[in-house]
Amino acid sequence: MLRVIPTLCLHLSLHDYIVWPDAQEWWLFHVVHQWSDGVLLRCDAPTSPREHFLPVTQWVARVDMPAPKDVEAATLSPLTDILQTTAQSWHNSFLPVRLQGPSMGSIVPDGSELSVVPVESSSLAKGQILVMAGQKPIWVAHRVQSIERDSWGVVHLITKGDALHHCDVPITMERVFGRVSCVSHQGHSWDPEAWSTRCLSTLRNHGALWSRRIQRNLPFSKESSFRN
């Protein structure tokens, strides 16, 4: 599995490798030019070379490579060679990303492996789970609550973790990496957007709360609010 970390284009370096979508598939690109307002990415696929210009405000998935000071040159060189060779042929419709944290409750358990597919602003919908660059930065997977466009046509998203009480700070597409199409955990896989999955998740997330409320209102409960 490629280990990718959220990185602002402003902080990319020449020859960094990133995963970026093209024609609804993920491809490996590398940085070939840098300017004050953006970077030029290139994919050297023999059959169809591709290039993209991205502004410095765009967040991307940078392939995590060991820093030269952390490994011997003899070790780093083969790793770089392998990545360069892989970049010429590797592409996929989904990218596996491992998420940590309990914010999505039982629908995306802590440590789940997510299958992330490219997403465009035109295909966004309420209820989708998006993988985004968080504030630290780390990857965050939260559900879309609302989608709005301002007078300039810029899309603003309100997202929230299923197990959280408050919504996130509004974001734009510059922080969005992709959409979660499948969740895998402990040998099981499921569609996180399926109606049945969401119903079961809601019952699990709120079951303990309702159980406590019911117990408090039973006639024989010490905490009962009923009076004879």
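Observations on the structure shown:
- Restricting Cys182, Cys167 to residues that are in the same structural domain as Pro102 (by TED's automatic domain parsing) and closer than 18 Å to Glu113 by Cα narrows the list to Cys182.
- Those strands (runs of 3 or more DSSP E) of the range 91-190 in which 1 or more residues are at pLDDT 95 or above occupy 113-117, 129-133, 139-149, 155-160, 176-185.
- Matching residues in the range 1-22 - criterion: being hydrophobic (A, V, I, L, M, F, W, C) and not in a loop (DSSP other than H, G, I, E, B): Val4, Ile5, Leu8, Cys9, Leu10, Ile18, Val19, Trp20
Conditions (1) closer than 23 Å to Ala23 by Cα; (2) in contact (Cβ under 8 Å) with a residue 12 or more places away in the chain; (3) of a type in the set (S, T, N, Q), marked per residue:
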position	(1), (2), (3)
Ser103	no, yes, yes
Gln128	yes, yes, yes
Gly134	no, yes, no
Gln145	no, yes, yes
Arg149	no, no, no
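- Among (1) farther than 24 Å from His166 by Cα; (2) in contact with a Gly (Cβ under 6 Å, 6 or more places away or on another chain), the one test that Asn92 misses: (2)
- Qualifying residue in the range 68-85 (condition: β-branched (Val, Ile, Thr), in a strand (DSSP E or B) and either modelled with pLDDT of 90 or more or surrounded by 13 or more Cβ atoms within 10 Å (Cβ to Cβ) (or both)): no
- Output for the range 23-54, where each listed residue is touching a residue at least 60 places away in the same chain (Cβ under 8 Å) and assigned to a strand (DSSP E or B): Glu25, Trp26, Trp27, Leu28
- Residue in the range 191-222 that is modelled with the lowest pLDDT, counting only those that are part of a helix (DSSP H, G or I) and among the hydrophobic types (A, V, I, L, M, F, W, C): Ile214
The values are calculated or read from the model by the stated rules, or taken from the named source; none is laboratory data. Just so it is clear, the structure is predicted and the values come from calculations on it, not from any experiment. Ideal geometry is used to build each Cβ from the backbone, glycine not excepted, and the neighbour counts take in all protein chains shown.
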